[in-house]
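Read through the structure below, which is laid out as structure tokens, and then see the notes.
The values are calculated or read from the model by the stated rules, or taken from the named source; none is laboratory data. None of these values were measured; they are calculated from a predicted model. Using ideal geometry, Cβ is built from the backbone for each residue, glycine included, and neighbour counts are taken over all protein chains shown. Quick note on the areas: whole protein, heavy atoms, side chains included, nothing else; ligands and nucleic acids left out. Shrake-Rupley method; radii C 1.70, N 1.55, O 1.52, S 1.80 Å.
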Amino acid sequence: MSGKNLLKAIILGDSGVGKTSLMNQYVNKKFSNQYKATIGADFLTKEVMVDDKLITIQIWDTAGQERFQSLGVAFYRGADCCMLVYDVNNMKSFETLDNWRDEFLVQASPKHPESFPFIVLGNKIDLEESKRQISQKRAMAWCQSKGNIPYFETSAKEAINVEQAFQQIARNALMQEADVPEFNFPPSVSLDAEQKQDQGDCNC
Amino acid sequence: MHEAYTYQLIQDKPPLEVTALCSYDNKLFVGTKDGILLIYEINDNDDAFNVSLVDSRKDFTKKEIKELYAIEGINILLCLSDTQLLAYNLETLQFITQVAKLQGVQYLDIYNSVSKENEVNLFKNDINIENNNNNINDNNSNIIIKLALAIRKKLIILQWNQNSFEKLNEFNLSHTIKTISWGKEYTLCIGFARNYAFIDLSTDTIDYFSLGNSLIDLTSFTPSKFTKVYTNSLPNNQFLLTKDDASTYIAETGQPLKSVNIKWSAIPLAVVYMHPYFIALLPQMVEIRAFNSGILIQNIELNVTNAVVSNDILFSSNDKDLYTIIPIDFDNQVVQLLNKKQFSESLQLVELYSSIFTPDEKVAEITRIRSLEAKYLFKEEKDYERAFGIFLSLEIDPNEILQLYPMLDSNEEILALKNSKNNKDESSFDKLQSINHLVHYLTEQRSRLTKQRLYLLSIQNRSSMPKSFSNSTINSYLSAAVSEFSLSTIVYYRQLSLPDVEALSNVIDTALFKVYMIVNDALIGPLLRVHNNCDMDVCESLLKSQNKYSELIDLYKGKGYHKKALDILITKGESPDESMYGPYHIITYLQKLNKTDFDLVLEYSVWVIEHYPEESLEIFTYEKFSGDELLRGIIVDHLEKHSKDVCIKYLDYIINRLNDSSSENHNKLASYYLEKIVSLKEGDEERKKYEENLKNLLEKSTCYSPNLILSQLPKQSLYEIRAVLLSHIGEHRKALSIYFNELNDPKMAEQYCIKYYNPEDEKVKDVFFTLIQIHLEKEKKEEISDDVLELLNKYGAYIDAAKIMEIFPESTKLNKLGIYFEKFFQELMNRKHNQKIIYNLLKSEQLQVREELMNYQSQSIGISEERVCKKCLKRIGTSVFVKDSNNSVIHYGCMKSKKK
Ligand SMILES: Nc1nc2c(ncn2[C@@H]2O[C@H](COP(=O)(O)OP(=O)(O)OP(=O)(O)O)[C@@H](O)[C@H]2O)c(=O)[nH]1
Ligand SMILES: [Mg+2]
């Protein structure tokens, strides 16, 4: 476990899936039906207890619309965890999850991509069942194939599972070994040791 | 410290004691203690610089030459000979006159509007100087030349007018004057032994500045020297006031400015300003300091007492020798510093020389120095953290940085490094460390390029943007793009065109690929899957050499080389010890292909169909393909060719799950079921299953053509199917007779009737009758059988008595038919009653409506002259109006507008 007590979480996903709404529900317990596209990025912080430890979680909400994305790599690099959000009533938003994940990995280039703490949220489950386009089963299969990413079905509107999802991501991020710069010690400190550790962490 | 100046001894000097220097054009005048004037010529051409004695005037003046001033424009050379001011012709050096017949002149200074402008403009740019030269020639008469002379406490101001100096003014000051310096045309700075004064000639005011009171740290000053500083780098004309070994700036108004304080190594004899340095003549040496910071730049061991600046060269002398002190140009100076790795000093030098650069040039120069520094940190200090800190803050061609990584140019080295991660040898450890830093640099460049690409595309699209785009959309779009670019200091990227961006992105992405290959190959897949410009050949060969097939497939897919990808998938799918064994990888790949690539889907599905017929269905049932009705036909044709079984499943899927309604597909499915059935032995489980499917299809579907299927039916079997078909074409009689005669299943026949009976439908309202008829025909008995009777009793209500009586055998006993008739008549009565009830209900409803109508018609309101509309309060008159429940009236028109 790392000694970190500030976590940086990044929320990614197509425009309109409810990223801003989820963050607002979690932090401010508020929801609005109105849609206002996020431009650039914005963050809110919240304090949470994770296993008797007080953690400040800094949640970065990003723009889903490509033309409003303006984040530099440095922004992604410091991330401790990443939330991928889609709308269960929108097939395209689910199909682009792959792309959001890949894009994040390239931009952030984490040391251990296979075990980087992602979490997937299928949002807007409060809408009628008939509108639903992606079954829970299908979403879970996808998460499974990407190395057992935890999956939550949420509603920012009805505050369903929002608290739980954020709690989970905080926990997972803490579990993740702090991103120790890999080469910042002399070669005499055996690289082998690190190598083994790598494999231990790896989920594959 | 570096060299900003060099010096040179002027060789051919007679052994005379030099007391004054002055220069004009390419001439240098040297005055001696004995009153002799030496004339030197300065040759400053590209290949050589030398100063040579060309003339001398022994009889120039009889006394010591204390000062010499060449006054351009009026062609006069002034000479302070002992205490007399003498004027000479500047060209011929002929004596003209003793200025104003003054005696006892100790100090003087000249204000010359021409040379002053030149001085100022020197630091602006060359064009201005040319303009100025024109001005000199054109406006000779506008030249303003003023002299300030000190005779003990008296200050005399003279001005040149036409052909002589005229006295303008005279001041009697409080102390003996020690030094004079002109500021602008109307300002003078006068130094005394313990204080100094500023004189404003436009108002004749004198401000005395007492060093002791106002500024504690200047208490010890006695102004022995004023150095003029004219530069556009400073906002105002300022003076450098020097006392003892310290100098400070003085504003035009006389107030000391404490921004820069210079502490000289010794007490200067004189301080000369030569942008951007102050040069102080100290005993035994010349000291050079930066004008903006006072930082010591250079010490030259030279013992000189006198100095004059001409054409950017300093001439200096002591009583024996004469020197030129020549500035070294900026480039040369910066090279000295860079060679010594003094990067922050180099940057200070750029700052010092700010005025010689345009803003862009300055940024470029700073960038150059910073990048040299970063490269030095990288190569020599191996401080990659700091090196990349600088690289990232700069906008330099990323190719320059990649040149620091020659190992990325060879596949062998890349792979060697990749495998060296477990080694402990220092050199590969170091390389890996440097490569690790490159990851972040490259990803940052990727995102910068993406922004530039987006920006260029947004400009490109702006003209072609549809009108329907709302303004706010456009604005938010642009402001997002613009704010982005004003925030960053992107210089390098800003000048890239779209093709440049693509080319550079190819370099960056390919390098990133290689770097990932070495330090973190789990990221290769993501890189190849997102939008990228990785080089195909490079990636292909590296991936192949590492057997990274899954990434190779990502590569091919991204580049549109689907055939290559699919060929690998098939090979891998065939080898049981591969992770990609089996059909699923290829199926997923095919599913992700576009409809435009459907030919490929067909081509490569063949392998799956042949090896994994069951799974192959998933390719075609994928929504993207099966949702498109045009493709369904193509798929069916394709499957027919390769596997009837899969084809049947596919047809079943689109008909039963997607409700396909093409009769062709329905006919095909029915025919294929038939084919299957016929090919299997009777009683076979599979056959039964197909029969069931076929029957279900034929019963539910309305899209097939029954006649076509009928024609394909084998003669002596599948009677049930035949019956279904017959029922579909309304041949109920035939269908029933099959149940009876071929299938011997009266129960089925009965069920058939229950299913199809419909009293409203002409075709089927008599099915029960037909059923009885067939029964009777088959029995051919005199008596009706119990079976028939039972049917009659059960369904009597639906069988017309008049008709049935005709077909009963003659000998039928009526008493047997009792129950039937009872039933039938009961049914008739039932119907009659029902009709009656309905009739009465309708009738009462009619009455109700009529009453309501009467009620309405009985109401009335009177429209008198005074009756006004409730809404507009105008008279109703003869207009159409409406009455509401409160009996108030309103114009019809008003009511309509009210609703809106
Ligand atoms: N019914 C329902 N609507 C939701 C839910 N979450 C968000 N919405 C609505 O979906 C719309 C978009 O929500 P946002 O949170 O602004 O979406 P976003 O992902 O931040 O979009 P971008 O900022 O463009 O990337 C808004 O109108 C929300 O009210 C939900 O759980 N249920
Ligand atoms: Mg948003």
statement: The correct pair for the stretch B:627-730, radius of gyration to one decimal and Dmax as a whole number, both in Å and from Cα atoms, is 13.3, 40
field: Cβ-Cβ FRET estimate between B:Ser717 and B:Glu806, R0 fixed at 35 Å, reported to 0.05
entry: 0.50
field: Average projection area in nm² (convex hull over Cα atoms of the protein assembly as shown, one quarter of hull surface)
entry: 83.4
query: Averaged across the residues of B:518-529, what count of C-beta atoms belonging to other chains lies within 10 Å of each residue's C-beta?
result: 5
Contact order normalised by residue count of the stretch A:4-177, Cα under 8 Å, 6+ apart, percent: 26
field: Karplus-derived 3J(HN,Hα), 6.51/-1.76/1.60, for each residue of the stretch B:373-383, Hz, glycine and proline x
entry: 4, 4, 5, 5, 4, 5, 7, 8, 8, 6, 9
task: Quick one: compute the contact order of the stretch B:731-859, relative version, from alpha carbon pairs under 8 angstrom and 6+ residues apart, as a percent.
output: 18
- request: Please work out whether the stretch B:731-859 counts as rounded, prolate or oblate from its C-alpha gyration tensor, where a ≥ b ≥ c are the square roots of the eigenvalues and a/c under 1.5 means rounded, while otherwise a/b larger than b/c means prolate and anything else oblate?
  value: prolate
- prompt: What 222 nm value per residue comes from the helices of chain B, counting each DSSP H run with n ≥ 4 as -39,500 (n - 2.57) and dividing by all residues, nearest 500 deg cm²/dmol?
  reply: -14500 deg cm²/dmol
Gap separating the Cα centres of the stretch B:1-67 and the stretch A:111-157, nearest whole Å: 90
query: Which log10 I(q)/I(0) values, to two decimals, does chain B give at q = 0.08 Å⁻¹ under the Debye formula with one point per Cα?
result: -0.97
message: What number comes out for accessible area per residue over chain B if the probe is 1.4 Å? Units Å², please.
response: 51
task: Find the centroid of the Cα atoms in the stretch A:34-50 and in the stretch B:755-816, then give the distance between the two in whole Å.
output: 80
- request: Go ahead and run the numbers for FRET between B:Arg368 and B:Ser661, Cβ-Cβ distance against an R0 of 60 Å, rounding to 0.05.
  value: 0.25
task: Kindly provide the pair-distance distribution of the stretch A:4-177 built from C-alpha pairs, with 5 Å bins from 0 and whole-percent values in order of increasing distance.
output: 1, 9, 19, 24, 22, 16, 7, 2, 0
statement: For the protein assembly as shown, the percent of accessible surface on carbon and sulfur atoms (probe 1.4 angstrom, ligands and nucleic acids excluded) is 49
query: If the viscosity is 0.890 mPa s and the temperature 25 °C, what Stokes-Einstein diffusion coefficient in µm²/s follows for the stretch B:501-567 when Rh is the Kirkwood radius over Cα pairs?
result: 211
- request: Can you sort B:Arg867, B:Arg194, B:Arg632 by 1.4 Å-probe accessible area, starting with the largest?
  value: B:Arg194, B:Arg867, B:Arg632
field: Prolate/oblate/rounded label for the stretch B:831-893 (Cα gyration tensor, a/c 1.5)
entry: prolate
message: Placing unit charges on C-beta atoms (Lys and Arg positive, Asp and Glu negative, everything else neutral), compute the dipole magnitude of the protein assembly as shown about its Cα centre in debye, rounded to 20.
response: 4420
query: If you find the alpha carbon centre of the stretch B:536-550 and of the stretch B:827-900, how far apart are they in angstrom?
result: 85
- prompt: Hey, if we sort B:Thr770, B:Thr878 by accessible area with the 1.4 Å probe, largest down, what's the order?
  reply: B:Thr878, B:Thr770
task: Mind checking which of B:Leu847, B:Ala251, B:Ser897 is farthest towards the positive end of the protein assembly as shown's charge dipole, using Cβ charges of +1 (Lys, Arg) and -1 (Asp, Glu) about the Cα centre?
output: B:Leu847
field: Two-site FRET efficiency, B:Lys641 against B:Gln591, from Cβ-Cβ distance with R₀ of 25 Å, rounded to 0.05
entry: 0.75
- request: Report the accessible area of B:Glu412, computed with a 1.4 Å probe over the heavy atoms of all protein chains in place, in Å² rounded to the nearest 10.
  value: 140
query: Over all Cα pairs of the stretch B:302-419, how is the pair count split among 10 Å bins, expressed in % and running from 0 up to the last occupied bin?
result: 11, 28, 25, 15, 12, 5, 3, 0
- prompt: What's the buried accessible area, both sides, between A and B using a 1.4 Å probe, rounded to 100 Å²?
  reply: 2900
field: Accessible-area value, B:Thr305, 1.4 Å probe, nucleic acids and ligands omitted, Å²
entry: 70
message: Just want to confirm a number: the relative contact order over chain B, from Cα pairs under 8 angstrom separated by 6+ residues, in percent.
response: 4
